[in-house]
Amino acid sequence: MNRRTVIKNFLVFSAGATLIPSCMHEETKSSILLKNIKINGDQEKMISELSEAIIPKTDTPGAKDLSSHLFVLMMVDDCATKEDQQKFMAGMNQFEALAKKDYGNSFATCTSSQKNELLKKIENKKEVSEKISSFYATTKRLTIQSFTSSQYFLTKVQVYEMIPGRYHGCVPVKNNS
């Protein structure tokens with residue numbers, strides 16, 4: 001056997017073995033480590049887009065700017081019961097399937113008008129399952145909770161005052177003299 005042929009074959013084989021794993025499509029990983037629920041990067045992006053559709057960016061930061069989707073995931077992972085976590089995951093999968101059925105795309109890649117139309121459909125409970133309604137209600141509640149407890153909201157929108165704070169009487173005092 002020729003030594004050059006062996007070395008050449010070895011290099012081709014090792015290069016192929018190195019490139020094959022990078023060519024295979026692997027699910028994207030989530031940016032947050034959760035203990036009880038398993039989500040991938042696409043599901044995290046979908047929840048991020050849903051949170052942004054609930055509280056969009058205007059002259060104030062949106063839900064995505066405040067990482068409200070991570071708050072939603074942490075609260076479901078840490079504070080919900082096992083049954084509620086399973087219901088949330090099932091609702092999330094059905095929500096994504098509904099978006100694909102209605103628009104041919106995942107919710108994250110839909111246009112903003114398509115997202116709003118889908119959310120109105122869910123708000124009006126038209127042709128949606130109870131699991132989708134529950135998933136949406138939980139995500140909406142936790143997104144709003146995240147926004148209203150954020151540093152931005154408590155320092156710029158509704159300025160938080162330490163207790164005892166100022167006294168704001170509700171009855172004007174008149175001088176009776």
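The values are calculated or read from the model by the stated rules, or taken from the named source; none is laboratory data. Worth saying up front: this structure is predicted, and the values here are computed from it rather than measured. FYI the Cβ positions are ideal-geometry reconstructions off the backbone, even for glycines, and counts take in every protein chain you see.
Miscellaneous remarks
- Residues located in region 118-139, provided they are out of contact with any Phe, Trp or Tyr (no Cβ under 9 Å at 6 or more places or on another chain), farther than 17 Å from residue 47 by Cβ and surrounded by 13 or more Cβ atoms within 10 Å (Cβ to Cβ): 121, 129
- Any hit, region 103-111, residues being small (Gly, Ala, Ser), modelled with pLDDT of 90 or more and over 19 Å from residue 44 (Cβ atoms): yes
- Comparison of 142, 154 shows that the only residue that is farther than 21 Å from residue 42 by Cα and assigned to a helix (DSSP H, G or I) is 154.
Rundown of residues vs (1) surrounded by fewer than 16 Cβ atoms within 10 Å (Cβ to Cβ); (2) of a type outside the set (Gly, Ala, Ser); (3) touching a residue at least 24 places away in the same chain (Cβ under 8 Å), yes/no style:
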{"position": "81", "(1), (2), (3)": "yes, yes, no"}
{"position": "88", "(1), (2), (3)": "no, yes, yes"}
{"position": "93", "(1), (2), (3)": "yes, yes, no"}
{"position": "96", "(1), (2), (3)": "no, yes, yes"}
{"position": "113", "(1), (2), (3)": "yes, no, no"}
